[in-house]
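Visitor: Sending over a structure as structure tokens; questions will come in a sec.
The values are calculated or read from the model by the stated rules, or taken from the named source; none is laboratory data. Please read all numbers here as calculations on a predicted model, not as lab measurements. Note that each Cβ is placed from the backbone with ideal geometry, even for glycine, and that neighbours are counted across all protein chains shown. Keep in mind that these areas ignore ligands, DNA and RNA; they rest on the heavy atoms of the full protein, side chains included. Shrake-Rupley method; radii C 1.70, N 1.55, O 1.52, S 1.80 Å.
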Amino acid sequence: MRRLERRTPAHAAPEAERGRLVLTAALCLVIAQLVFRGWALYPSYFYLDDYSLLSEAQEQRLDVSYLLEPWNGHLMPGGRLVAWLVSEAGTLNWGLAATLTLAGQALASLAALWMLVTLAGRRWGILGPLALYLFTALTMSALMWWAASLNQLAMQVGCFLAVGAWARYLRSRRFRWALATYAGVALGLLFDVKALLIFP
């Protein structure tokens, strides 16, 4: 009896190789961005509202009333939790604050990559929008100002996850992707009510 063999189309191997090259190039861009932003971030320090945020965290217990108390007009229980953790780690622990900020930037960058791959596939064309997001000067001010980064980075992660998950839901109609969309919005809302703007 003759054995039947599954054969892959001739174009499948080059496409898979191209996909691997695109992902490798994208990850190299992400790493380059993190190295540059780490170089800018670690020699910096707290300023302006950072001190009042940390002061409030040191003076209060970690409970629901502290987490849900608006800060400068922002309802940001996630940001207050991070501030409390940084304040508990020592007086003005910039090393921890900078590391958490850089970790948040890494999550946002990877979420942006995942969203672009979801929307357009592993194509060379996604590197342009990804590089624009990774290296634009528009996001540097929010990164360097710690209090602002607590809001902005989480909203970026939530937005990218929500958009990518919603695209997957529209294609598959699987309920888990609808839940993932709402989870992305909820993540952003933990750090700022402006995350409601993700919906439109």
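Visitor: Whose amide H sits under 5 Å from the amide H of W71, counting only residues 5 or more places off or on another chain, with H placed in the peptide plane?
Guide: M76
Visitor: Give me the percent of the accessible area of segment 40-99 that comes from carbon and sulfur atoms, probe 1.4 Å, all protein chains in place.
Guide: Carbon and sulfur: 60 percent of the exposed surface of segment 40-99.
Visitor: Compute the label zone of E17 within segment 103-126: residues whose backbone N is under 15 Å from the point 7 Å along Cα-to-Cβ.
Guide: Taking a point 7 Å out along Cα→Cβ of E17, no residue of segment 103-126 has its backbone N under 15 Å.
Visitor: Further question on the same structure: What base-10 log of the normalised intensity I(q)/I(0) is obtained for the chain from the Debye formula, alpha carbons as equal point scatterers, at q = 0.10, 0.17 Å⁻¹?
Guide: At q = 0.10, 0.17 Å⁻¹ the computed log10 ratios are -0.51, -1.15.
Visitor: Roughly speaking, what is the stretch gain from T24 to S141, that is 0.36 nm per residue apart minus the C-alpha to C-alpha distance, in nm to one decimal?
Guide: Extra length from T24 to S141 when fully extended: 39.3 nm.
Visitor: While we're on this one: Would you mind computing, in nm to one decimal, how far apart the modelled labels at A32 and S52 are, each placed 7 Å from Cα along Cα→Cβ?
Guide: 4.0 nm
Visitor: Taking the Cβ-Cβ separation of L62 and L96 as r and a Förster radius of 22 Å, what is the calculated FRET efficiency to the nearest 0.05?
Guide: Using R0 = 22 Å, I get an efficiency of 0.85.
Visitor: Given a 1.4 Å probe, how much area per residue of the chain is accessible, in Å²?
Guide: 58 Å²
Visitor: Multiply the residue separation of W114 and A183 by 0.36 nm, subtract the distance between their alpha-carbon atoms, and state the gained length in nm to one decimal.
Guide: Using 0.36 nm per residue and subtracting the Cα-Cα distance, I get 23.3 nm.
Visitor: Could I ask something else about it? Extending each Cα 7 Å along its Cβ direction at R123 and L170, get the distance between those two points in nm, one decimal.
Guide: 1.5 nm
Visitor: Which residue, A25, A154, A180, tops the fluctuation ranking in a GNM of the chain built on C-alpha contacts under 10 Å?
Guide: A25
Visitor: Assigning unit charges at the beta carbon (Lys, Arg +1; Asp, Glu -1) and nothing else, what dipole magnitude in debye, to the nearest 20, does segment 79-200 show about its Cα centre?
Guide: 680 debye
Visitor: Still on this structure: Longest exposed-loop-site-free stretch of the chain, with chymotrypsin sites (Phe, Trp or Tyr not before Pro), DSSP loop and at most 15 other Cβ within 10 Å?
Guide: Between the exposed loop sites, the longest stretch runs 48-200.
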